[in-house]
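Read through the structure below, which is laid out as structure tokens, and then see the notes.
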Amino acid sequence: MLTTVKEHANRIKSPGQMKKVLDGLDPNMSRLFVPWVLRNPRYIRAGIRLARSYKKTEKLRREAKEAGLRVPPFLILSITSQCNLSCAGCYAAAVGTLDNRPRTECSDARKTLDWAQWYDIIKDASELGVFGFIIAGGEPFMFRGLLELCESFNDRFFIILTNGTALTRTDHKRLRSTKNVAVIVSVEGSEETTDSRRGQGVHKQALETLTRLKSSGVPTGISVTITNENYRFWMQKKNLDHYVKLGILVGVFIEYIPVMAENLTGDTCGSYDKTLMLSPAEREEFRSRVLEYRRRNKLYVIHSPGDEDYFGGCVSAGRGFAHVTPSGDLTACPVSNLATHNLSNTSFREGLASPLFEAIRQNEHLLTNEDTPCALFGHPNEVQEIARSVGAYTTDTREV
Ligand code: SF4
């Protein structure tokens with residue numbers, strides 16, 4: 001029985017391939033993930049398979065681009081409109097992705113996709129060159145057969161964004177053998193901060209889930225909505241170190257976006273407090289600390305909107321990712337509720353080539369953040385004008 005990491009590394013010929021791919025993305029990634037994979041042997045072969053698959057999808061995307069089609073490396077799937085929590089400031093609720101009303105009196109437009117339909121969408125997107133799928137919601141672990149779906153595509157990588165309170169014993173048991181799934185748990189900061197936004201006891205449950213996943217050898221991370229109420233908490237090294245001890249590899253810090261969804265008749269819905277947004281000075285302070293922590297420590301930190309600059313601005317509308325709602329509508333990103341195509345009756349290729357996506361990608365200025373945490377949010381009128389001009393519809397099921 002192989003006992004040391006070195007023996008593992010010597011035995012298999014090509015962990016270097018995994019390292020090469022991660023180095024190509026960001027050397028910080030390979031510095032963190034390769035040693036972790038070697039410490040968790042069940043991921044070694046899977047890691048190499050995923051590295052090879054990433055190279056293949058990169059080639060597919062390059063060929064598609066040469067043929068005029070922009071295929072993103074990632075697709076965000078809001079796999080369910082159901083959630084067991086009702087957090088203050090839930091963006092999924094604001095844009096109408098979340099809909100906890102009973103399914104029985106569902107209208108067609110409100111029908112959410114079933115397992116087989118999601119399987120077809122993932123297969124279609126994979127064949128075009130999508131490598132990774134970010135599973136959101138609602139609460140993904142409320143979708144029956146979630147892990148089976150992920151394991152059906154063992155050469156694709158799945159990142160599940162969860163509130164950490166809905167995993168069952170069966171889910172935990174199954175996660176002990178998954179090899180292509182990472183789990184990101186949402187927290188806000190201290191126990192008090194998380195519970196005040198997400199509900200009494202949620203913080204404790206979220207940390208228990210992280211601890212159980214660590215003992216099951218599942219790659220984990222945390223996702224935080226950064227506001228001017230919690231950003232200083234996350235600037236303290238001791239607080240980040242606390243989570244690193246819980247085994248997390250990734251910290252996703254997404255700045256608060258006061259989503260105020262506007263439907264096509266100009267009415268607004270959603271109730272957000274712009275005062276929670278970071279000021280440009282606070283953003284700069286937070287970002288410099290995040291980057292310093294990323295350079296020095298055992299945590300891969302992702303900061304949005306900051307990191308988009310590396311990709312030349314907002315990466316929505318197929319530039320870096322796109323988003324599918326629980327009903328199958330293809331939107332530019334999770335905080336946009338405008339679409340022209342539904343993937344239950346059209347192909348992903350048609351959706352990516354849609355006039356809506358083309359218009360957003362071609363209007364470069366729409367992809368610049370203008371001191372707001374979200375480019376599209378920073379240009380509401382232009383986005384609405386484009387939507388009207390291409391005959392887009394709202395995906396907000398509450399209006400149907
Ligand atoms: S867990 Fe997520 S989807 Fe559910 S209410 Fe909270 S923020 Fe919204």
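The values are calculated or read from the model by the stated rules, or taken from the named source; none is laboratory data. Values in this document were obtained by computation on a predicted structure and should not be read as measured data. FYI the Cβ positions are ideal-geometry reconstructions off the backbone, even for glycines, and counts take in every protein chain you see. For the accessible areas, the whole protein counts, side chains as well, though only heavy atoms, and no ligand, DNA or RNA atoms are used. Shrake-Rupley method; radii C 1.70, N 1.55, O 1.52, S 1.80 Å.
Data for the structure
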item	result
Selection from the stretch 95-120 of residues that are of a type in the set (Val, Ile, Thr) and either surrounded by 23 or more Cβ atoms within 10 Å (Cβ to Cβ) or modelled with pLDDT under 85 (or both)	Val95, Thr97, Thr104
Within the stretch 309-324, tally of residues that are at pLDDT 75 or above and not basic (Lys, Arg)	10
Residues being in contact (Cβ under 8 Å) with a residue 60 or more places away in the chain and near the ligand (Cβ under 9 Å from one of its atoms) - total across the stretch 130-141	3
Qualifying residue in the stretch 210-217 (condition: free of Cβ contacts under 8 Å to residues at least 40 places away in the same chain, within 16 Å of the ligand (Cβ to nearest atom) and either surrounded by 15 or more Cβ atoms within 10 Å (Cβ to Cβ) or part of a helix (DSSP H, G or I) (or both))	no
Subset tally (residues that are outside any loop (DSSP other than H, G, I, E, B), open to solvent by 20 Å² or more (accessible area, probe 1.4 Å) and within 14 Å of Ile184 (Cβ to Cβ)) for the stretch 144-171	3
When residues of the stretch 179-197 are limited to those that are touching a helix residue (DSSP H, G or I) at 6+ places or on another chain (Cβ under 9 Å) and assigned to a helix (DSSP H, G or I), the one surrounded by the most Cβ atoms within 10 Å (Cβ to Cβ)	Thr194
Close pairs from the stretch 7-28: first at negative phi, partner in a loop (DSSP other than H, G, I, E, B) and modelled with pLDDT of 75 or more, Cβ under 8 Å, at least 6 apart	His8/Pro41
Test: residue in the stretch 319-341 that is within 25 Å of Leu25 (Cβ to Cβ), in contact (Cβ under 8 Å) with a residue 12 or more places away in the chain and out of contact with any strand residue (DSSP E or B) (no Cβ under 9 Å at 6 or more places or on another chain)	yes
Test: residue in the stretch 163-172 that is within 19 Å of the chain's Cα centre (by Cα) and closer than 18 Å to Ile254 by Cα	yes
Verdict on Gln200 being open to solvent by 10 Å² or more (accessible area, probe 1.4 Å) and free of Cβ contacts under 8 Å to residues at least 24 places away in the same chain	yes
Selection count where residues are more than 16 Å from the ligand (Cβ to nearest atom) and more than 24 Å from Ile121 (Cα to Cα), scope the stretch 48-97	1
Breaking point among (1) open to solvent by 20 Å² or more (accessible area, probe 1.4 Å); (2) part of a strand (DSSP E or B), for Phe133	(1)
Among residues of the stretch 42-91, those that are under 12 Å from Phe131 (Cα atoms) and touching a His at 6+ places or on another chain (Cβ under 8 Å), counted	2
Filtered residues of the stretch 218-260 (kept if out of contact with any Cys (no Cβ under 9 Å at 6 or more places or on another chain), among the charged types (D, E, K, R) and within 16 Å of Arg287 (Cα to Cα))	Glu229, Arg232, Lys237
Scope the stretch 266-308; condition open to solvent by 30 Å² or more (accessible area, probe 1.4 Å), of a type in the set (A, V, I, L, M) and at pLDDT 85 or above; matching residues	Leu276, Met277, Ala281, Ile302
